[in-house]
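Structure first, commentary second.
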Amino acid sequence: MGAAKIEDEIKKAALAAGFELAGIAAVGDFPELARFPEWIAAGHAGEMKYLESRDERGQLRRASLQAAFPWARSVIVCAVNYNTAQPYSTAVTNPGRGWISRYAWGREDYHDSVLRRVREVEAKLKELCERDAPIETRSYVDTGPLVERVFARYAGVGWIGKNTCVINQTLGSWLFLAVIVTSIELSPDLPAPDRCGTCTRCIDACPTQALVAPYELDSNKCISYLTIEKRGSIFKEMRADMGHQVFGCDICQDVCPWNRKAPASEKPEFQPREGLVNPALAWLAEISEEEFRERFRGSPIKRAKRTGLRRNALIAIGNSGDRSLLSVAERACHDSDPTVAETAHWAKEKLERETQPRL
């Protein structure tokens with residue numbers, strides 16, 4: 001079978017598996033990958049030590065795919081739209097409620113559902129190519145030793161926006177990416193052109209100034225990092241700017257002009273679980289271990305752990321200006337978890353300082 005035919009069949013298989021987009025990138029030392037070591041050296045990865053994984057020669061694995069997989073010749077990139085017909089975080093202002101990032105609303109952890117889809121594409125690739133000789137393949141959804149968005153750009157799936165997200169001019173940026181690294185050399189697609197232009201809305205809207213420059217994110221300041229990856233207490237000077245975000249942050253995507261008309265997905269696994277769109281802060285701050293395990297079974301929200309989710313909810317309570325939540329903070333001040341108790345004291349003092357009891 002000719003290469004062009006294989007590429008066409010791979011893309012058809014991706015669509016059949018439920019992906020909206022699919023493209024092919026070569027394996028190369030792209031300029032974006034060359035900047036990755038500089039980003040790590042600047043400390044912008046925060047506590048995410050897995051991003052600093054190195055090979056036996058001490059080289060960062062994510063800086064060179066061929067260093068990780070010498071046999072790699074092509075990368076197939078698939079993308080699925082996870083947007084839903086729900087309001088954006090910038091349109092919601094209820095003080096007693098928080099915000100969970102759009103990607104985490106779903107009924108199933110996207111790692112599982114998207115990996116299941118890309119496995120179908122991988123199986124089709126092997127069916128097409130292994131008639132002549134065995135091939136090497138690896139499939140990943142956020143877990144491989146590569147920077148997916150760079151290969152997405154060179155596969156023509158979308159460009160890397162100034163907010164560091166992959167943006168497609170038709171679907172916007174609400175995209176989950178999956179990749180297949182393969183030993184088959186396929187003809188690459190054309191890179192997606194950058195269509196951000198002079199727009200800086202994402203940079204201007206970031207409450208914590210985590211976008212320190214166009215296309216450059218400092219994770220240490222990013223609300224998504226702080227609410228999901230950061231363990232223990234969050235620096236007090238960061239808390240007020242976190243607003244009502246309790247798991248992740250969508251602000252830089254919510255304000256992006258390319259998401260104004262982003263289509264909504266009808267896939268069942270991306271539809272929100274009950275109570276996760278703009279959830280009650282009091283519920284999250286006082287959620288029990290048993291309910292946390294049961295309610296977030298199979299959800300990426302478990303990554304924050306119960307301590308982190310409660311900590312985040314208490315920060316949002318402190319920022320809410322809602323004195324009716326003062327009792328929640330007061331009870332949490334006596335919690336056995338030191339991170340929760342310390343954050344609760346901060347929230348209590350902030351509410352008392354910034355609100356006045358009704359006469």
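The values are calculated or read from the model by the stated rules, or taken from the named source; none is laboratory data. Just so you know, these numbers come straight off a predicted model, no measurement behind them. Quick reminder, even Gly has a Cβ in these numbers, built from the backbone with ideal geometry, and neighbours come from all protein chains shown. Accessible surface is based on the protein model in full, side chains and every heavy atom, while ligands, DNA and RNA are left aside. Shrake-Rupley method; radii C 1.70, N 1.55, O 1.52, S 1.80 Å.
Springs between Cα atoms under 10 Å define the GNM used for the chain, and in it the highest mean-square fluctuation of 79, 45, 213 occurs at 213. Applying 1/(1 + (r/R0)^6) with R0 = 30 Å to the Cβ-Cβ distance of residue 85 and residue 119 gives a FRET efficiency near 0.60. Computed over region 1-108, the P(r) curve from all C-alpha pair distances, binned at 5 Å from the origin, holds 2, 9, 12, 12, 12, 16, 15, 12, 6, 3, 1, 0, 0 percent per bin. Stretching the chain fully between residue 286 and residue 331 yields a gain of 15.3 nm (0.36 nm per residue, less the alpha carbon separation). Protection proxy ranking for 171-182, 214-225, using the average of other Cβ atoms within 10 Å per residue and placing the highest first: 171-182, 214-225. A convex hull fitted to the Cα coordinates of the chain yields 144 cubic angstrom per residue. Rounded to 0.05, the FRET efficiency of the residue 216 and residue 132 pair, given R0 = 45 Å and the Cβ-Cβ distance, is 0.55. Between residue 236 and residue 8, what is 0.36 nm times their sequence separation minus the Cα-Cα distance? Round to one decimal in nm. Result for the pair: 76.8 nm of gain on full extension. Taking 4.7 Å between beta carbons as the limit, the unpaired Cys residues of the chain are 78, 129, 165, 196, 199, 206, 222, 249, 256, 333.
With R₀ set to 45 Å, the beta-carbon distance separating residue 38 from residue 356 gives a calculated FRET efficiency near 0.35. For a paramagnetic label modelled on residue 108 (point 7 Å from Cα along Cα→Cβ), amide N atoms under 13 Å away belong, within region 115-142, to 115-120.
Strictly greater than 14 Å: what percent of every Cα pair in region 68-130 meets that? Percentage above 14 Å: 72. Between residue 274 and residue 93, the contour length at 0.36 nm per residue exceeds the alpha carbon distance by 63.2 nm. Estimated at the nearest 10 Å², the accessible area of residue 199 is 40 Å² with a 1.4 Å probe.
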